[in-house]
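First comes the structure, then the notes that go with it.
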Amino acid sequence: MRTGRPEILLVTPPYHSGVVEAAGSWLPLGLLYVGGALQKAGCGVALYDAMTRFDTLEDVRATLRRERPAAVFVSCITATVDDGIEVCRIAKEEAPDTLTVLGNSHPTFMYEEVRGGSPDVDVAVRGEGEETAVELVEAWRAGADLSQVRGIAFRRGGQVVATPPRPFIAGLDSLEPAWHLVPWGEYTYRPKPGSRLAVVSSSRGCTQHCRFCSQRLFWQESWRAVSPERFVGQLEALRERHGVDVAMIADETPTLDSARWERILHLLVERRLGVALLLETRVNDILRDAALLPTYRQAGVEHVYVGVEAVNQSTLDLFQKDARVEEGKRAIELLNAHDIISETSFVMGMPHETRADMELTIELAKRYDPDMAFFLAITPWPYADLYEDVKDHIAVRDYRKYNLVEPIIKPDAMTLDEVREQLLRGFREFYRGKMKQFAAMPTWKQEFMKALMKLLMEHSYLRGEAAHLRGEMPVQPAPR
Ligand code: B12
């Protein structure tokens with residue numbers, strides 16, 4: 001982190017779920033967008049990525065004491081909100097006049113809880129952050145009435161005041177993250193030793209209707225895109241100026257507009273950037289693009305996550321997932337056939353699910369045959385549609401556990417420990433099968449898979465599973 005006294009310090013909560021952190025260190029793109037807008041408006045900004053540095057709350061305190069920022073801007077999803085509030089508490093303890101601001105999905109929806117429940121958070125920013133952050137800082141500097149700033153919540157006279165929502169930013173091309181604040185040497189994609197990893201955004205929004213997710217609600221079913229020229233230009237600049245050679249596209253659905261996506265791919269092929277791309281998209285878009293998949297590969301797309309989420313049609317219907325089981329399977333086959341790493345996840349642990357259902361999911365996951373599969377615990381974000389359906393089955397209220405790893409919902413016929421056991425069994429069985437397929441994979445994929453699995457087994461919450469996978473211990477079939 002840069003030293004010197006920043007007016008505004010952008011901070012990630014020092015939270016770890018022990019999953020994705022094993023594979024890489026991921027820069028906080030949302031905060032960098034906010035930082036870019038604040039800098040453009042003339043504010044002094046610095047970045048403190050406590051999460052990536054694996055700092056403790058005591059390290060956070062030492063940093064705040066040293067940096068003495070006038071304002072602390074923290075990004076929080078549900079799992080990280082308690083640690084985000086802790087950062088604000090420490091900031092207030094160190095200097096009571098520090099302005100403390102929380103943004104991202106949890107404060108967007110739960111601003112009453114956040115703002116009403118914690119005296120240490122001055123403002124919750126609701127929704128897209130760039131314009132709101134700039135107006136907020138201007139009003140705060142001027143000592144003006146914050147109720148003029150759209151898209152925030154703050155406390156006045158013991159009441160939480162929520163200002164009207166702010167419309168979405170019209171032209172995404174005008175936004176530029178504060179890339180120069182990033183200590184690039186700290187961001188790497190571990191399966192590729194020596195690589196430099198960026199997180200980038202080519203569009204914002206989600207039009208899917210999954211009841212368990214928060215993104216559709218956050219973006220209010222809208223979708224806006226950066227132009228192909230601007231997006232590819234940004235990647236090119238990251239390659240040239242900062243040596244980025246792997247980039248994760250943060251979008252929910254970068255492929256939604258097929259003409260735009262095709263243009264992006266063609267520009268990438270033309271410019272031969274040498275940047276490997278990791279992305280997430282919809283099953284249906286992969287099916288639509290079957291003939292275009294060789295171009296994906298030429299453009300640098302190496303890894304695609306598709307959300308099939310659940311393998312039995314009744315569960316898919318319950319989630320209102322707009323994809324049929326067979327389509328998910330076909331999308332994975334296509335990715336595999338085009339030498340792209342395919343990844344998907346299977347969400348388990350709904351109230352009606354039984355051990356037998358979960359065993360079926362694990363079996364079907366093997367039949368789907370993605371290169372990588374994650375078995376996740378269904379997690380009811382308190383603002384997602386799913387919450388109402390499952391609220392009577394919520395057994396865990398600690399937000400730090402809302403990370404898709406720890407079971408939160410107790411199914412009628414299972415204990416939480418039994419759900420956890422099935423999730424781990426899913427990993428164990430799936431990856432044991434995968435290891436047997438290594439020899440048939442192209443060399444690069446084989447190397448990648450070995451490196452990634454080693455990282456997951458040694459550095460993620462799956463650590464304890466390594467011994468089972470190596471076959472050192474007999475794996476007991478789960479008792480019925
Ligand atoms: C990149 C990413 C990560 C990175 C995070 C890097 C980082 N430090 O930010 C990594 C890979 C580490 C990660 C980890 C996890 N993630 Co994640 N991640 C994403 C992803 C794919 C993109 C986020 C992004 O960059 N978006 C682009 C930017 C521009 O948008 P944005 O973040 O929303 O930011 C805007 C606004 O929210 C706002 N804003 C954001 N922060 C702030 C702060 C302030 C002060 C202000 C004013 C405004 C503001 O302004 C920004 C610009 O407009 C999203 C899904 C998605 N497509 O968004 C999931 C997502 C955010 N992750 C999620 C989850 C659950 C996790 C994990 C718990 C998963 C796990 N089991 O490991 C962990 C938590 C680990 C941790 N320590 O945080 C969920 C959160 C669900 C929820 N509502 O709580 C999401 C939505 C995925 C999903 N569909 O469920 N993740």
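Out of the residues in segment 80-110 that are assigned to a loop (DSSP other than H, G, I, E, B) and of a type outside the set (S, T, N, Q), state the one that is surrounded by the most Cβ atoms within 10 Å (Cβ to Cβ).
For segment 80-110, the residue satisfying everything is Met110.
If you check Phe231 against the conditions, is it out of contact with any Phe, Trp or Tyr (no Cβ under 7 Å at 6 or more places or on another chain), of a type outside the set (Ser, Thr, Tyr) and crowded, with 21+ Cβ neighbours inside 10 Å?
Yes: the conditions hold for Phe231.
Looking at Gln234, Gln215, which one is farther than 24 Å from Asn284 by Cβ and within 13 Å of the ligand (Cβ to nearest atom)?
After ruling out the rest, the residue left standing is Gln234.
If I go through segment 209-224 residue by residue, how many of them are open to solvent by 40 Å² or more (accessible area, probe 1.4 Å) and either modelled with pLDDT under 95 or in contact with a Phe, Trp or Tyr (Cβ under 8 Å, 6 or more places away or on another chain) (or both)?
The total comes to 7.
Which one of these does Arg282 not meet: (1) buried (at least 22 other Cβ atoms within 10 Å of the Cβ); (2) more than 22 Å from the chain's Cα centre (by Cα); (3) at pLDDT below 95?
(2)
For (1) within 14 Å of the ligand (Cβ to nearest atom); (2) surrounded by fewer than 18 Cβ atoms within 10 Å (Cβ to Cβ), each residue gets a yes or a no:
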| residue | (1), (2) |
| --- | --- |
| Met358 | no, no |
| Thr361 | no, no |
| Lys366 | no, yes |
| Ile378 | yes, no |
| Pro382 | yes, yes |
| Lys391 | no, yes |
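Given the residues Gly24, Gly18, which is the only one that is buried (at least 19 other Cβ atoms within 10 Å of the Cβ), near the ligand (Cβ under 8 Å from one of its atoms) and not hydrophobic (A, V, I, L, M, F, W, C)?
Gly24
Which one is farthest from the ligand (Cβ to nearest atom) among residues in segment 68-79 that are closer than 20 Å to Pro6 by Cα and buried (at least 20 other Cβ atoms within 10 Å of the Cβ)?
Pro69
Check segment 424-433 and report whether any residue there is among the acidic types (Asp, Glu) and either more than 16 Å from the ligand (Cβ to nearest atom) or within 22 Å of Glu327 (Cα to Cα) (or both).
yes
The values are calculated or read from the model by the stated rules, or taken from the named source; none is laboratory data. Note that this is a predicted model, so its numbers are computed, not measured. So basically every Cβ, Gly included, is an ideal-geometry build from the backbone, and we count neighbours across all protein chains shown. When the accessible area is computed, the model is the full protein with side chains, heavy atoms only, and any ligands, DNA or RNA have been set aside. Shrake-Rupley method; radii C 1.70, N 1.55, O 1.52, S 1.80 Å.
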